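For reference, the structure is listed below as structure tokens.
The values are calculated or read from the model by the stated rules, or taken from the named source; none is laboratory data. Bear in mind that the values here come from a model prediction, so they are computed numbers and not experimental data. Cβ coordinates were reconstructed from backbone atoms using ideal geometry, including for glycine residues, and neighbour counts include every protein chain displayed. These accessible areas exclude ligands, DNA and RNA; they are computed on the full protein's heavy atoms, side chains included. Shrake-Rupley method; radii C 1.70, N 1.55, O 1.52, S 1.80 Å.
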Amino acid sequence: MPVGWDSILGLVPGVGDTITVVPAALMINTGYQAGIRKRALGRMIWNTGLDLAVGSIPLVGDIFDVAFKSHRKNVEVLRAELDRLAHAETNQATA
């Protein structure tokens with residue numbers, strides 16, 4: 001199981017989990033500016049909030065961070081929505 005920076009930084013009590021919210025917030029903002037659906041934004045916010053809340057619990061949070069991969073989930077949601085928007089624009093342009 002690969003271990004990412006989120007999991008490594010999460011080992012630093014308090015600070016690590018707070019720092020890892022920054023890239024998540026940037027992804028959420030990018031999605032908002034691109035006009036993705038509110039449902040997708042909500043999913044990204046849920047993933048980030050859950051990671052922050054559970055990740056803040058000592059030891060349990062560290063194990064959760066290794067398994068949950070909130071950033072990867074958010075990237076998948078964002079890519080799917082951006083693909084959906086691009087497909088909609090293509091269909092609109094050919095109609």
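By accessible area, using a 1.4 Å probe on protein heavy atoms only, the chain has 68% of its surface on carbon and sulfur. Rounded to 0.05, the FRET efficiency of the Arg79 and Thr18 pair, given R0 = 25 Å and the Cβ-Cβ distance, is 0.45. With helices as the sole contributors, the chain gives -25000 deg cm²/dmol at 222 nm; each DSSP H run of n ≥ 4 counts as -39500 (n - 2.57), and the sum is divided by every residue. In this structure the chain gives 66 Å² per residue of accessible area when probed at 1.4 Å with all protein chains present.
You can think of it this way: the chain between Asn29 and Leu59 has 7.8 nm of extra reach, that is 0.36 nm per residue less the Cα-Cα gap.
Only Cα pairs under 8 Å and 6+ residues apart enter the sum, and on that basis the relative contact order of the chain stands at 33 percent. In terms of the Cα gyration tensor, with a ≥ b ≥ c the square roots of its eigenvalues, is the stretch 36-82 rounded because a/c is under 1.5, prolate because a/b exceeds b/c, or oblate? Cα axes put the stretch 36-82 in the oblate bin.
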